[in-house]
Structures are given as C-alpha cells and as structure tokens.
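Note sheet for the following structure.
The values are calculated or read from the model by the stated rules, or taken from the named source; none is laboratory data. If you're wondering where the values come from, they're calculated on a predicted model, not measured in any experiment. We place every Cβ from the backbone using ideal geometry, glycine too, and count neighbours over all the protein chains shown.
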Amino acid sequence: MSATHHTTAPEYDRPYSDCPLCRSNEIALHHCDFRGNRIFLCNSCGAQFMNPVYSDNHLTRYYADYYGGDAAGDAISQGQEKTNQLKFRAIERFVPTPGKVLDFGCGNGNFIETALAQGWQAIGYDVDCDAMQRVSKRLGVPVRCGELSAVEWPAGSFDLVHAHHVVEHLKHPVRDIAQLNRWLKPGGYFYVAVPNIESAASRLKFRLEKAGLRRKRIGRYYDSDHHVFYYSPRSMRGLLERCGFEVLMTMNGNKSHISASPVAQFFSYTLTNYLYASAAFFMIARKIREA
C-alpha cells in the first residue's frame with residue numbers, strides 16, 4: 001500500500017547546526033526542492049539531509065498505514081521474488097549457510113518469504129503494528145513493530161540484518177544502525193540498499209536546476225515527502241564504518257537484463273556499476289566491532 005497523502009502543513013524539528021552523521025560543523029545549504037524543503041550537504045562526510053527535518057508527529061501521521069501488510073499482486077510479487085533472489089546471490093558470497101535474519105523494515109514481508117524458502121529463520125520489524133500483525137499471521141513468523149527503541153532482542157541474535165530502502169527514512173541513522181549492530185552476532189552481516197543521490201540522473205538534474213534550465217518540480221528526486229537522508233556510496237560507507245562495520249561489497253541496485261551482447265552488458269551494467277551511476281545501490285558489510 002502506498003503512503004497516505006496528508007494535506008496538513010508539515011511540522012519540523014529545530015534545524016541542525018552540525019552534521020547529524022559525523023558531527024562536523026562544515027554543513028551548508030545545498031538545494032531547496034519544490035516542496036520548500038531545504039537540503040544541506042556535509043562537506044566533511046558527504047551526507048545530504050533535510051534541514052530542518054520533519055517532526056516525529058508529522059512522520060507518525062505520514063507512515064500510518066504506509067503498508068497494508070497484504071501480499072502484493074502476482075506481477076509485483078514475481079518482481080519482488082526476482083529481486084530477492086539476486087540479493088541472496090550476493091549475500092551467499094559471504095554467508096553460504098542460512099542462519100537467522102532480521103528483515104528491518106519488512107513491509108509486506110516479501111523478503112521474509114524468500115528467506116524462509118532459502119532455509120533461513122526469519123523475523124521482521126516495521127513501524128505499523130496493524131500491518132505487521134497481518135504479515136505475521138500470513139507468514140507465520142514473529143514480526144515486531146512500533147518504536148525501535150522499545151524493541152528488545154538479546155545482543156547477538158542475528159546472523160544477517162536486511163534493510164532494503166529503509167535507512168533513507170530514518171531520522172536517527174547512527175543511533176538505529178548502532179542498535180542493529182548490537183543485535184548482530186560478532187562477524188554478522190548487514191545488507192543495506194538505498195537510493196543513490198549521486199546517480200548520473202540525479203547529478204544531471206541537479207546541475208540543470210542550478211543553471212535554471214530545469215524549473216518544474218525541482219529536486220523531486222529527493223523524495224522529501226518521506227526521505228530525510230540522501231546517501232552516496234561514499235557517505236553510506238562512512239556511516240557504516242562509524243557504526244562498527246566493514247564494507248565488503250558495493251553494487252548498483254539494479255542489474256542488466258541484457259544477456260545476448262557483451263557490449264550491451266558492459267555499458268548497461270559493468271560500466272555503470274563501476275561508476276555507481278544507477279538510481280540505487282546496495283552494500284554488504286560485516287560487523288567488526290560493537291557500535
């Protein structure tokens with residue numbers, strides 16, 4: 001289920017005076033989008049973030065019923081399954097034996113379904129308790145919900161944490177990823193995928209907007225109605241390293257479907273992956289210390 005569109009004026013916290021990821025004071029206004037949201041850039045770690053950011057009350061209203069908890073239709077489910085199989089192909093390079101996985105931000109539970117079929121023991125978490133009750137009942141697995149700070153799992157509970165397009169929504173990414181670190185076993189793995197704010201398309205649109213050549217729906221690619229942090233491979237690597245992880249793999253989030261021509265494969269996948277030019281990327285990281 002897509003997010004409900006709210007007509008009330010958004011509420012904001014007080015503005016940041018330093019970078020919420022690395023605490024540098026080398027932050028400056030970078031862009032302002034068509035919603036009137038101001039995007040700041042940290043010149044130290046490279047992170048971009050909404051400043052000021054939405055209040056907790058505003059985000060709670062926005063995410064009410066964000067997911068219905070029901071399975072997607074056949075066509076969408078098939079696409080999700082194909083994507084999940086590609087994820088496990090990458091994960092199994094580092095984790096060959098199924099263990100216990102936390103699907104952090106599990107949505108409708110499609111990754112949990114694939115994980116169960118692959119032999120994993122799976123647990124889910126998401127914010128909407130009504131939706132998560134339906135996911136838990138449908139899949140027959142434990143799913144926790146509500147404020148992350150109220151969720152209690154023993155330290156070292158999981159071999160793998162999976163977070164697919166979740167971290168860009170988090171107001172407190174350092175705090176929350178540090179918590180995920182504590183729930184991982186020593187040497188456990190973290191799969192994280194996010195939009196790439198420095199993709200080729202985003203960089204081109206940004207330059208056109210700054211030059212005054214693109215004037216409609218400026219900064220739409222920030223998705224600032226619900227995304228509050230905007231990552232590149234560089235800034236995500238820094239965030240993970242600060243939270244006790246070693247990055248093992250960085251890849252574009254989508255792969256070429258063209259197999260007939262090696263030349264087409266090179267330009268559509270190999271080259272773009274080398275440049276991290278696609279709209280999203282994922283990383284697989286290993287826990288090397290407690291956060």
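Okay, residues lined up against (1) in contact with a strand residue (DSSP E or B) (Cβ under 6 Å, 6 or more places away or on another chain); (2) part of a helix (DSSP H, G or I); (3) under 29 Å from Ile197 (Cβ atoms); (4) not assigned by TED's automatic domain parsing to the domain that holds Glu241:
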position: Ser44; (1), (2), (3), (4): no, no, yes, yes
position: His58; (1), (2), (3), (4): no, yes, yes, yes
position: Tyr62; (1), (2), (3), (4): no, yes, yes, yes
position: Asn84; (1), (2), (3), (4): no, yes, yes, no
position: Pro96; (1), (2), (3), (4): no, no, no, no
position: Asp103; (1), (2), (3), (4): yes, no, yes, no
position: Ala122; (1), (2), (3), (4): yes, no, no, no
position: Arg134; (1), (2), (3), (4): no, yes, no, no
position: Val141; (1), (2), (3), (4): yes, no, no, no
Here the residues within segment 185-238 that are part of a loop (DSSP other than H, G, I, E, B), surrounded by fewer than 19 Cβ atoms within 10 Å (Cβ to Cβ) and within 19 Å of the chain's Cα centre (by Cα) are Asp223, Asp225, His226
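Can you confirm whether Ile177 is of a type in the set (Val, Ile, Thr) and not in a loop (DSSP other than H, G, I, E, B)? Before you say what the answer is, go through the steps one by one.
Details: of a type in the set (Val, Ile, Thr): yes; not in a loop (DSSP other than H, G, I, E, B): yes.
Answer is yes for this residue.
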Pairs returned, first residue in segment 192-218 that is touching a residue at least 12 places away in the same chain (Cβ under 8 Å) and closer than 24 Å to Pro173 by Cα, second residue that is of a type in the set (Val, Ile, Thr) and surrounded by 14 or more Cβ atoms within 10 Å (Cβ to Cβ), beta-carbon separation under 7 angstrom, 6 or more apart or interchain, are Val192/Val167; Val194/Val167
Pairing a residue in segment 224-239 that is assigned by TED's automatic domain parsing to the domain that holds Ala279 and among the aromatic types (Phe, Trp, Tyr) with any residue that is part of a helix (DSSP H, G or I) and modelled with pLDDT under 95, where Cβ atoms lie under 6 Å and the two sit 6 or more apart in sequence or on different chains, gives none
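Residue-by-condition table, conditions (1) surrounded by 18 or more Cβ atoms within 10 Å (Cβ to Cβ); (2) modelled with pLDDT under 60; (3) under 19 Å from Ser202 (Cβ atoms):
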| site | (1), (2), (3) |
| --- | --- |
| Leu240 | yes, no, no |
| Phe245 | yes, no, no |
| Ile258 | no, yes, no |
| Ser261 | no, yes, no |
| Thr270 | no, yes, no |
| Ala277 | no, no, yes |
| Phe282 | yes, no, yes |
| Ala285 | yes, no, no |
